[in-house]
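Nothing in this text is a laboratory measurement; each read-out follows from the coordinates by a stated rule. Quick caveat, the model's predicted, so the values are computed rather than measured. Here Cβ is always computed from backbone atoms with ideal geometry, including for glycine, and neighbour counts include all displayed protein chains.
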């Protein structure tokens, strides 16, 4: 048959070399078992597990005094004394001797405007005063002579030597010169006042600092026209803006519903956005006696207890109003972890720090509790990211995924 003939034409398969069939099956089973053990080990080590999604926080240095906070309010640093220094006269600025940041003493010259007209006015007033003084001297000399003449003629008239008319003429001249002397005295007073006025106008060409301060902004340049009211488009009013940086305070807006918890003299802590890690000691200076209806808030002024060169006007600030004055120990920063990051397993306190996409178990020893924070007597340093509310399945070495904020 054809099928039989085809069967005779097939080439028989060569016999396998090496181990017998039963031994080959054992080796295959051992290989499969090894792969299973390796896969289980990798799973237990977390390499084959899916990443656990977790939320993280950070170990931080905290100040225990923050536990004394009754309420917080935001505001800005302001200078208690601030001035836009301007000229009382209209004129062209010819000298400006300060820059932003320049420190000024009270009475120090900041700038000078063209003083030629003022100097001429002073010279004119001085000359007029001198002229009035010369006229006075002349009149006083004539008055003295008229007084002597009147006296002589009065004696002659008493002896009957002269008639009444010469006596009357002498008396009239004496009285006229006396009145003229009094008028000249008044004229000299007016001339002296005019000279003083001109000297004041000359002094006003020198723009001086009204108090010890620091220059915040420079609003004019040499060549600008200064006017008291800046009535024209190209005129300037203020030359510089200055502030007394030794008298800085924070103006914070406290909600109407919370203002009853604030009192004058109350201890505060001030934090600036520019230096978030620093707490500045403060005290309530004054509560303004009016509310802002648009904000439903009352402005509270808070003084800095110590001057710090880093604090500048218009910085954003946040004020914590405290229940009492904190002690020195309560003002010292300590390392702390979020309370939500701590857990107890097998009688041990621990947390999970996050590094290179994995959670690592770290044993800790805790101390005092401050709100949502717990003091770390032993544990990771500040700045360490830790897992918040660790899931029960989370273990050391587990891969973790932190969702974007």
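A full extension of the chain between residue 246 and residue 261 corresponds to an added length of 2.6 nm, given 0.36 nm per residue minus the alpha carbon distance.
Axis angle, to the nearest 10 degrees, between helix 21-44 and the longest C-alpha principal axis of the chain: 20 degrees.
Angle of helix 116-159 to the longest C-alpha principal axis of the chain, folded into 0 to 90 degrees and rounded to 10: 30°. Here percent of Cα pairs over 38 Å apart was computed from the coordinates, and among [x] 27; [y] 17; [z] 63 the match is [z]. For residue 274 and residue 196, a Förster radius of 45 Å and the Cβ-Cβ distance give a FRET efficiency of 0.35, rounded to the nearest 0.05. Helix 164-203 and the longest principal axis of the Cα set of the chain meet at an angle near 10°. For the pair residue 290 and residue 339, a Förster radius of 30 Å applied to the C-beta separation gives a FRET efficiency near 0.15, rounded to the nearest 0.05. Where the centre of each part is set by its Cα atoms, how far does the range 305-325 sit from the range 117-191, in angstrom? About 72 Å separates the Cα centre of the range 305-325 from the one of the range 117-191. The label point for residue 237 and the one for residue 164, both projected 7 Å from the Cα toward the Cβ, are 7.2 nm apart. What translational D, rounded to a whole number of µm²/s, comes out for the range 116-202 from Stokes-Einstein when the hydrodynamic radius is the Kirkwood one over Cα pairs, at 20 °C and 1.002 mPa s? Roughly 144 µm²/s, to the nearest whole number.
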